[in-house]
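What follows is a single structure, written as structure tokens, with notes after it.
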Amino acid sequence: MRHAGAHPHREKHTVPTGSESPSPASESPSPAPDSSDQTATVRPMVPRRTPETAFFWDGCADGALLLQHCRSCERPWYPAQRNCPRCQGSDIDIVAASGQGRLASYVINHRESPGFEAPYVIALVDLDEGPRMLTNLVDCAPDPTSLPVGTAVQVRFLPIATADGRATATIPVFAPTSAQEATAEVVTTGVDTTPGRRQPLF
């Protein structure tokens, strides 16, 4: 899918199938916060890089949300894989996503988990470019009444590391945009996992 009335920026190369990774897009990258003072969040494990996903993790480290894009059917996708999931084409390039999207659904988890302080929000975000991402929602109240589905969100990049510091990565998370928090006029739906409290997901 494309932005309405615009064509996403592209890099002129194909996705490598070996050990090398593509360079991040040079124009209109996803906005990155100043992480100079940001301490890595300790997690029990970090994402494992593969030849197909190296470009994605390199982009996150540089503050850019990068997607694979099929030149044959003109659509981006996520997560990364060798061939287009729609047409199985292999003529692939990399596009820099805007980092903007909409909250599609979510769960508020009230159970402690290593590396996560409960309650926390597990979310599905529909990117403006089309793909849907499973992610975490941050900098918001973990309360269904304050998280209307359809809320505009913006990507942020979170450094993580194992406790021993041997493995590190930067992962994309999302936060509501301030303007949307003030003006959202959509129906609130979601799931709260507080024992005894359940709501329909849709």
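All of the numbers you see were taken from the coordinates with simple rules; none came from a lab. Small disclaimer: the values here were computed from a predicted structure and weren't measured. Every residue, glycine among them, receives a Cβ derived from its backbone with ideal geometry; neighbour counts consider all protein chains shown.
Odds and ends about this structure:
- Per-residue packing, averaged as other Cβ atoms within 10 Å, sorts the ranges 129-141, 77-89 into the order 129-141, 77-89, beginning with the highest.
- Here the gap between residue 90 and residue 116, fully extended at 0.36 nm per residue and compared with their Cα-Cα distance, gives a gain of 5.6 nm.
- Computed on region 41-192, with alpha-carbon pairs under 8 angstrom and 6+ residues apart, the relative contact order is 25 percent.
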